[in-house]
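So the structure is just underneath, and the comments pick up after that.
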Amino acid sequence: MSKEISISTNTSTYKRGAFILFEGCDRTGKSTQANKLFEYLQIKGHAVKFWKFPDRTTPIGQTINAYLTNNQELDDKAIHLLFSANRWECMPKMKNLLLGGTTIIVDRYAYSGVSYSASKGLDLNWCRCSDIGLLRPDVIIFMDLSTEESEKRGGFGEERYEKKDFQEIVRKTFALLKEKDDDDSLWKVLDAKQSVERLHEQIVEISLDIIENCSQLPLKEDN
Ligand code: Z5A
Ligand code: MG
């Protein structure tokens, strides 16, 4: 479900930025593709900013980092709420950028938040509550990859959630979130096993289309 936020301008020439989100399980190539898209749009002269969640630079983000790197233990519900608070602290800035015409490319967001926490056994609806009212993306580019494939990629296994059995559950929980979404056309599921270049071509096409089509539409909030 989503609610529209009115934009305080009536000019027909007004164009807002697009909120382009990358989601998926570990090592599916989200950051690789988000960075490539960012560079592409910058070179083409678009106003664009890159965001990554968790944002480990803020005080909340530093606690999240300590948790993910196994240097701090926290109750499952407490860490869930910190991930959510980490998004809330960025909302005013993200909203201003979008309304000011800048496209934002976001690497993980509330869908990761709900999927990872619910996969630990927390109630899915409880997990969604703390993210109600956050800005809704204009598109979710979901990088889909089997756990067997993601395991083969560099770095898998260094952080708390990077375990094969857990990742299988997370993948299923993401699929459930897509299924439950009132507007599942928001989700563009890509086969992340393809080459970096082939994926980039598809992502550019999706993104240019979204940038064009959402420019006159109001921003939306999740509810
Ligand atoms: N988390 C949470 O619990 N709650 C929340 O609310 C949020 C997050 C927001 C940290 O995330 C953890 O936080 C994460 C979810 C949880 N769980 N874990 N663990 P993170 O985003 O900081 O994690 P990361 O370190 O960036 O890893 P990643 O996101 O899982 O990886 P990725 O961005 O999807 O993949 P990549 O870095 O682009 O690529 C991985 C490797 O694959 C690299 O060697 C690439 O060169 C290679 N690669 C990329 N694309 C390809 C293709 N197409 N073919 C072959 N190889 C490729
Ligand atoms: Mg990443």
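The values are calculated or read from the model by the stated rules, or taken from the named source; none is laboratory data. Given the structure is predicted, the values throughout are model-derived calculations rather than measurements. As a convention, Cβ positions derive from the backbone with ideal geometry for all residues, glycine included, and neighbour counts pool all protein chains shown. Accessible surface areas use protein heavy atoms only, side chains included; no ligands, DNA or RNA. Shrake-Rupley method; radii C 1.70, N 1.55, O 1.52, S 1.80 Å.
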Legend entry - Answer from Lys220, Lys193 - the residue that is assigned to a loop (DSSP other than H, G, I, E, B) and open to solvent by 50 Å² or more (accessible area, probe 1.4 Å): Lys193
Inset, instruction - Any residue in segment 45-72 that's more than 21 Å from Thr103 (Cβ to Cβ) and near ligand 1 (Cβ under 10 Å from one of its atoms): show its pairings with residues that are in a loop (DSSP other than H, G, I, E, B) and aromatic (Phe, Trp, Tyr) at Cβ separation under 8 Å, as long as the two are six or more apart or on different chains. - result: Leu68/Tyr161
Inset, instruction - Pick out the one residue from Ala34, Ala78, Ala18 that is small (Gly, Ala, Ser), on the phi < 0 side of the Ramachandran plot and in contact with a Ser or Thr (Cβ under 6 Å, 6 or more places away or on another chain). - result: Ala18
Legend entry - Neighbours by Cβ (under 7 Å, 6+ apart or cross-chain): first from segment 171-189, modelled with pLDDT of 95 or more and open to solvent by less than 70 Å² (accessible area, probe 1.4 Å); second assigned to a helix (DSSP H, G or I) and among the charged types (D, E, K, R): Lys178/Asp184; Trp187/Lys178
Inset, instruction - Working carefully through the options Leu145, Leu134, Leu124, Leu97, find the one that is at pLDDT 95 or above, out of contact with any helix residue (DSSP H, G or I) (no Cβ under 9 Å at 6 or more places or on another chain), closer than 30 Å to Ile210 by Cα and open to solvent by less than 40 Å² (accessible area, probe 1.4 Å). - result: Leu97
Legend entry - Exclusive hit being open to solvent by 40 Å² or more (accessible area, probe 1.4 Å) and either under 19 Å from His200 (Cβ atoms) or within 16 Å of ligand 2 (Cβ to nearest atom) (or both), set Asn35, Asn86, Asn70: Asn35
Legend entry - Subset of segment 158-199 (residues that are in contact with a Leu (Cβ under 7 Å, 6 or more places away or on another chain) and within 16 Å of ligand 2 (Cβ to nearest atom)): Glu159, Arg160, Leu190, Ala192, Leu199
Inset, instruction - Could you check how many residues of segment 15-44 are touching an Asp or Glu at 6+ places or on another chain (Cβ under 6 Å) and either more than 7 Å from ligand 1 (Cβ to nearest atom) or not in a helix (DSSP H, G or I) (or both)? - result: 5
